[in-house]
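Encoded as structure tokens, the structure appears first; notes follow it.
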Amino acid sequence: MRLFPQHIFASLALLILQTGSASAAQDAMLVQQGKLLAQSMCAECHTFGGTIRSDRPSPDFAAIGAMPSTTALSLRVFLQSSHANMPNLILEGPQIEALSAFILDLGGK
Ligand code: HEC
């Protein structure tokens, strides 16, 4: 005896696949936005993985993202507070979210 007709299973599976890829697409968009923001606001000091440049002494974003202590929350706290060695950039919530997504993505998270 079947609990559900086969076509209901099929449409459920399709729905799960669609939501899965829709949220992955959203994540990818956020990372892309973060990259653009980082290129315009942070590239003066930070590198984004790849070649480490001696004229950019600030920590590399891929290295920051890969640190076990780096999470969306720790980045939010850092980017909302003031720092001794980094300028206090005024960032809006969505910008922080996008920049964090980019840094975490670079770090493989
Ligand atoms: C004028 C140079 C400069 C700019 C521009 C700058 N940073 Fe930084 N940033 C630094 C320096 C220097 C440090 C190291 C600070 C320290 O260790 O005290 C740092 C540290 C950080 C850290 C923390 C790393 C850790 O150890 O947890 C993060 C995250 C970060 N920056 C993100 C950003 C983002 C995002 C932007 C752009 C929106 C940005 N920074 C723009 C100079 C800069």
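Condition first: open to solvent by less than 90 Å² (accessible area, probe 1.4 Å), modelled with pLDDT of 95 or more and out of contact with any Leu (no Cβ under 7 Å at 6 or more places or on another chain). Can you find one or more residues in the stretch 91-102 that meet it? Checking the stretch 91-102: at least one residue is open to solvent by less than 90 Å² (accessible area, probe 1.4 Å), modelled with pLDDT of 95 or more and out of contact with any Leu (no Cβ under 7 Å at 6 or more places or on another chain).
Gln33 meets the conditions (1) without any contact (Cβ under 8 Å) to a residue 60 or more places away in the chain; (2) open to solvent by 60 Å² or more (accessible area, probe 1.4 Å); (3) within 17 Å of Leu104 (Cβ to Cβ) in every case but one. The failed one is (1).
Filter the stretch 40-56 down to the residues that are in contact with a helix residue (DSSP H, G or I) (Cβ under 9 Å, 6 or more places away or on another chain), assigned to a loop (DSSP other than H, G, I, E, B) and near the ligand (Cβ under 8 Å from one of its atoms) and list them by number.
Filtering the stretch 40-56 for residues in contact with a helix residue (DSSP H, G or I) (Cβ under 9 Å, 6 or more places away or on another chain) gives 41-42, 46-50, 52.
Next, from what is left, pick out any that are assigned to a loop (DSSP other than H, G, I, E, B): 42, 46-50, 52.
The answer is Cys42, His46.
Screening the candidates Thr70, Thr51 for the property of being surrounded by 12 or more Cβ atoms within 10 Å (Cβ to Cβ) and farther than 20 Å from Gln26 by Cβ yields one hit, Thr70.
Here's a check for you: in the stretch 57-67, which residue that is within 11 Å of the ligand (Cβ to nearest atom) and either in a helix (DSSP H, G or I) or touching a strand residue (DSSP E or B) at 6+ places or on another chain (Cβ under 7 Å) (or both) is most open to solvent (accessible area, probe 1.4 Å)? So that I can check it myself, show each step before the final result.
Our first condition is that a residue be within 11 Å of the ligand (Cβ to nearest atom); within the stretch 57-67, this holds for 57-61, 63-65, 67.
Now drop any that are not either in a helix (DSSP H, G or I) or touching a strand residue (DSSP E or B) at 6+ places or on another chain (Cβ under 7 Å) (or both), which leaves 61, 63-65.
Details: Phe61: 12, Ala63: 57, Ile64: 32, Gly65: 0 Å².
Result: Ala63.
The numbered conditions (1) within 11 Å of the ligand (Cβ to nearest atom); (2) outside any helix (DSSP H, G or I); (3) basic (Lys, Arg) are all true for Arg76 except (2).
The values are calculated or read from the model by the stated rules, or taken from the named source; none is laboratory data. All values derive from a computational prediction rather than experimental measurement. Positions of Cβ are backbone-derived with ideal geometry, glycine not excepted, and every protein chain shown enters the neighbour counts. Please note that ligands, DNA and RNA were not included when accessible areas were found on the heavy atoms of the full protein model with its side chains. Shrake-Rupley method; radii C 1.70, N 1.55, O 1.52, S 1.80 Å.
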